[in-house]
Amino acid sequence: MNAGYPAIINDPTDYLRDELKNFKDITRYIKPLSGEIPEVPGIEIYGEIIPYNGIVGGDHIIYVDFKKRFDLDQRIQEAKKINRVDIAEKMELNKQRAGVLLADVSGHNLTDSILSAMLHQAFLTGVHYELSHNGEITPELFEILNNRFFQSSSVTKFITLIYGEIWSSGKFSFINAGHPAPIVFSFKFDKLIDICYDRVLHFPPIGTLPSRDDIDLRRHFSRLGYKKKYSVHEINLMGNGDILLLYTDGLTDHHQDEKNYYYPKFLGETLKRVKHASAQEIYFHLKEDLLNFSKPTDDIGIVVIKKI
């Protein structure tokens, strides 16, 4: 028998079962750990995925607590040594903010988490590069991710995502690629408030269209056309007690029947009832309420960001 090859498979069912278990074990390790949840002064953050199949699926969360993941002081000193004061200044700003990426791969099968794992590694690798060369995460990282997935994934498989950075002041700046827009529950007015997104550019999901500004555009023909460069948008509405929600379309699609959808009516009622709780408690109240409302038909990802 050649080294590196599996033994003769006597029972294909057992083999596939073992392979599936191995796949589950691998994908579990890309789920965020409790210690990765960002700590930002004046802000609470908590989020999880409710997988449709009960194990793993296509929704995914990545936290970027710059202070935990990186030695910012050392990076600042290294930038100053090479006279990159601009990088040092941007690196210093990372002490006041943290990033959250919420993604949704088309489909909710176990194997859809392969694309989540690809995104996970590619994004965090890109973050290292961005900090070293720019001192911060820029839209260029998402241009690269978009073009990479366009070239390597099926036209039927794509990723919607939102990446946002929350500041201790309550400002939230974000890039949105085909994902549901963030919503805010006002503690003062006791309701979900409308946010005007009229001036926000809407971009297609990651991997569907290459950028028309890509320097290698002539090498990547697209029958469906090309997209504009990603741009950053901001929400400055968060006051003390306000709740910002990031979520996947599993939340907006969650329903009992054609007339009774959980979002936005029941969501608003739940937030009104639990608005005094911590971000983590709010998440678990929402999860319990969602599962009691009806059985999910898709993965549901929710990140609660609360100004305290």
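Of F142, T208, V232, which is farthest towards the positive pole of segment 119-233's charge dipole, taken about the Cα centre with +1 and -1 on the beta-carbons of Lys, Arg and Asp, Glu respectively?
So the residue we want is T208.
Nearest-5 percent of antiparallel DSSP beta bridges in segment 92-191?
The antiparallel proportion sits near 100 percent.
Can you sort V274, V232, V40 so the residue with the fewest Cβ neighbours within 10 Å comes first?
V232, V274, V40
Under 22 Å from the Cα of K287, which lysines turn up, not counting those fewer than eight places away in the same chain?
Candidates past the 8-residue exclusion: K31, K191, K259, K265, K272, K275, K295, K306, K307.
In whole angstrom, and with the biggest value first, how far do the Cα coordinates of segment 32-307 range along each principal axis?
Projected onto the principal axes, the Cα atoms of segment 32-307 cover 56, 45, 37 Å.
Run the simple label-point estimate for L217 and Q77 please: 7 Å along Cα→C-beta, distance reported in nm.
Here the modelled spin labels are 4.5 nm apart.
Could you list D257, D59, D14 in order of exposure, starting from the residue whose Cβ has the fewest other Cβ atoms within 10 Å?
Going from least to most buried by this count: D257, D14, D59.
Aspartates and glutamates within cross-link reach of K81: Cα-Cα under 16 Å, excluding same-chain residues under 8 positions apart?
Leaving aside aspartates and glutamates fewer than 8 places away in the same chain, those within reach of K81 are D71, D73, E89, E92.
Relative contact order of segment 32-307: what whole-number percent is it, with Cα pairs under 8 angstrom and at least 6 residues apart?
Answer for segment 32-307 is 24 percent.
Can you compute the FRET efficiency between D14 and T297 using 1/(1 + (r/R0)^6), with r the Cβ-Cβ distance and R0 = 25 Å? Round to the nearest 0.05.
Efficiency computed from Cβ-Cβ geometry: 0.20.
When only Cα pairs under 8 Å and 6 or more residues apart are kept, what is the percent relative contact order across segment 181-287?
29 percent
Determine, for V85, V100, V127, the number of other Cβ atoms within 10 Å of each Cβ, and report the residues in order from fewest to most.
Exposure proxy ranking, most exposed first: V85, V127, V100.
Treating cross-link reach as a plain straight distance, find the lysines whose alpha-carbon is under 25 Å from the alpha-carbon of K227, omitting any fewer than eight places away in the same chain.
K157
Each value in this text was obtained by applying a stated rule to the coordinates, not by laboratory testing. As the structure is a prediction and not an experimental result, all values here were calculated from the model. Here the Cβ is made from the backbone with ideal geometry for all residues, glycine too, and neighbour counts use every protein chain on show.
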